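Since the structure comes first, as structure tokens, the remarks are kept for the end.
The values are calculated or read from the model by the stated rules, or taken from the named source; none is laboratory data. What you see is a predicted model, and the numbers here were worked out from it, not measured in a lab. Cβ sites come from the backbone with ideal geometry, for glycine too, and all protein chains shown count toward neighbours. The protein model used for the area step is the full one, side chains on, heavy atoms only, and it has no ligands, DNA or RNA in it. Shrake-Rupley method; radii C 1.70, N 1.55, O 1.52, S 1.80 Å.
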Amino acid sequence: MSEPAIIRPDKQTFLAEENPFEAMMERFDHAAKLLNLDRGLYKVLRNPEKQIIVSVPIVRDSGEVEVYTGYRVLYNTSRGPAKGGIRFDLNVTLEEVKALAAWMTWKCALVNIPFGGAKGGVVCDPTTMSMAELEKVTRRYTSSIIEILGPDSDVPAPDVNTNERVMAWIMDTYSMHKRHTVTAVVTGKPVEMGGSLGRREATGRGCMIVTREALTKLGMTLKGARVAVQGFGNVGSVAADLMAKEGAIIVAVSDKSAALHNPQGLDVQDLLTWVKEHRQLSGYPKAGTIPHDQLLTVDCDVLVPAATENVITSKNARHIKAKIICEGANGPTSAAADKVLEDKGVFVIPDILANAGGVTVSYFEWVQDRGGYFWDEDTVNRRLEAILVRSFGEVMAMAAKHKVANRIASYIVAVDRVAAMHRLRGMYA
Ligand code: NAD
């Protein structure tokens, strides 16, 4: 292998603590350096394979024509069909979609499932749109990128502001064009139309599994561990519930509306019932509240940031008391905070491992759709557990081998797998 070549623009202009995506590529560079990645492969892996920009015109309910911009980026498909969510959000940019597609590439490689990485989005504000308008945007966007979609080429999933309803429209649009039903073109579908049992809980379940492995490594158990969870949505609420069922004490939870704290432990089932009825934690009568930012620094053994990106920064990292951080969200920790946490000896389970349960069960969904044979929930959960326990072990081994933090170890495992595939396939030119 030739000399390591890390070609980068001036760090000052390239790095921004507030930009989780640039922080992600910073970690890729670190892994590439330790892998001694050759210059050519480095260049290939730093560039997306395909970037598509489409106009998405629809007639709104008012009769007015509106044109939205849509993106789909296939970052790397050397290991299999592209896999990655579609988001509907005003903040979607091509740069962000590119970075998220790269993220998916490393995540799929880390858990060793045969997918590449992709991401897509439409720049729109779904909160101001009717169901009929959302359906039109979804179907028109789908037909605009239909050449790249398909079970063998690109398989979308839900992401910010998209859900199983949107996946059902994509599946129907694609199938109408193909003139036959193709369930495997998307994952995260309703179970009635080929979705997988266990998919809804998969990411939170994954958080529970890797946290249990990390606690074991530190000589502790979930039983009796004190856990704080930021974000009480799909990932955070399921992680809290499953950890509580294993005997953990959930000392704090938060959502956008409130942060609740009880050092003796919150009743997660009761919180779930409250949120089902009131749609938010605010107003919950059986626990005290704390300021939002204090959730990250409460006294606990495990902190699960499961809300949004960039919440643990160099400013608050040094006040964190948790021994373990399980990154349920994507990109919750800045690169500068990584350094602080490492110096403090906090055991970080990085996002591409901690929240990989979701894409792993998406893979199971794709396998079941293609096979036309569906597994019971127990089988899904057992197979998910096997993949995450194995991946956790591989990251631990890599961290020990290179004497690096878990995050860099995860990137080394992932980047090495994608690079190995490129080497075996060779350069078609
Ligand atoms: P969600 O919309 O279901 O839940 C998000 C929760 O976070 C909500 O309770 C919201 O109120 C809360 N929240 C938002 N900002 C907050 C803040 N500043 N402080 C406290 N709470 C806040 O979303 P989700 O599907 O649970 O996803 C959460 C994170 O996990 C995202 O980063 C997402 O990309 C990542 N993720 C999700 C999956 C999945 O399968 N759902 C898979 C991988 C990664």
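Working only within the stretch 118-145, note down all residues that are open to solvent by 30 Å² or more (accessible area, probe 1.4 Å), of a type in the set (A, V, I, L, M, F, W, C) and in contact with a helix residue (DSSP H, G or I) (Cβ under 9 Å, 6 or more places away or on another chain).
Result: M131, single match.
If Y373 meets every condition in (1) closer than 28 Å to K33 by Cβ; (2) without any contact (Cβ under 8 Å) to a residue 40 or more places away in the chain; (3) of a type outside the set (D, E, K, R) apart from one, which number is that one?
Of (1) closer than 28 Å to K33 by Cβ; (2) without any contact (Cβ under 8 Å) to a residue 40 or more places away in the chain; (3) of a type outside the set (D, E, K, R), only one is false for Y373: (1).
G188 passes all but one of (1) within 16 Å of the ligand (Cβ to nearest atom); (2) more than 30 Å from V251 (Cβ to Cβ); (3) not in a loop (DSSP other than H, G, I, E, B); which number fails?
All conditions are met except number (3).
Considering only the stretch 289-306, how many residues are open to solvent by less than 60 Å² (accessible area, probe 1.4 Å) and within 12 Å of the ligand (Cβ to nearest atom)?
Here the count works out to 6.
Filter the stretch 266-284 for residues that are among the hydrophobic types (A, V, I, L, M, F, W, C), within 11 Å of the ligand (Cβ to nearest atom) and assigned to a loop (DSSP other than H, G, I, E, B) and give the result.
Residue satisfying the conditions is L281 alone.
Can you find, within the stretch 270-288, the residue that is nearest to the chain's Cα centre (by Cα) among those that are charged (D, E, K, R) and surrounded by 11 or more Cβ atoms within 10 Å (Cβ to Cβ)?
Checked the stretch 270-288; the qualifying residue nearest to the chain's Cα centre (by Cα) is D270.
When the residues of the stretch 326-341 are filtered to those that are away from the ligand (no atom under 14 Å from the Cβ) and modelled with pLDDT of 95 or more, which remaining residue is nearest to the chain's Cα centre (by Cα)?
L341
Taking the stretch 243-265 only, how many residues are assigned to a loop (DSSP other than H, G, I, E, B) and either under 20 Å from A329 (Cβ atoms) or outside the structural domain of K223 (by TED's automatic domain parsing) (or both)?
Counting residues in the stretch 243-265 that are assigned to a loop (DSSP other than H, G, I, E, B) and either under 20 Å from A329 (Cβ atoms) or outside the structural domain of K223 (by TED's automatic domain parsing) (or both) gives 5.
Got at least one residue in the stretch 226-239 being within 14 Å of the ligand (Cβ to nearest atom), surrounded by fewer than 24 Cβ atoms within 10 Å (Cβ to Cβ) and under 19 Å from G331 (Cβ atoms)?
Yes, the stretch 226-239 contains at least one residue that is within 14 Å of the ligand (Cβ to nearest atom), surrounded by fewer than 24 Cβ atoms within 10 Å (Cβ to Cβ) and under 19 Å from G331 (Cβ atoms).
If a residue must be closer than 30 Å to S78 by Cβ and over 21 Å from the mean Cα position of the chain (by Cα), how many such residues does the stretch 116-147 contain?
Taking the stretch 116-147 and keeping what is closer than 30 Å to S78 by Cβ, we get 116-123, 138, 141-147.
Narrowing the set further to residues that are over 21 Å from the mean Cα position of the chain (by Cα) leaves 138, 141-147.
Within the stretch 116-147, residues that are closer than 30 Å to S78 by Cβ and over 21 Å from the mean Cα position of the chain (by Cα) number 8.
Does the stretch 310-317 contain at least one residue that is more than 9 Å from the ligand (Cβ to nearest atom), in contact (Cβ under 8 Å) with a residue 40 or more places away in the chain, part of a loop (DSSP other than H, G, I, E, B) and over 22 Å from G204 (Cα atoms)?
yes
Evaluate the stretch 343-355: report whether one residue or more is within 13 Å of the ligand (Cβ to nearest atom), surrounded by fewer than 24 Cβ atoms within 10 Å (Cβ to Cβ) and in a loop (DSSP other than H, G, I, E, B).
Within the stretch 343-355, not a single residue is within 13 Å of the ligand (Cβ to nearest atom), surrounded by fewer than 24 Cβ atoms within 10 Å (Cβ to Cβ) and in a loop (DSSP other than H, G, I, E, B).
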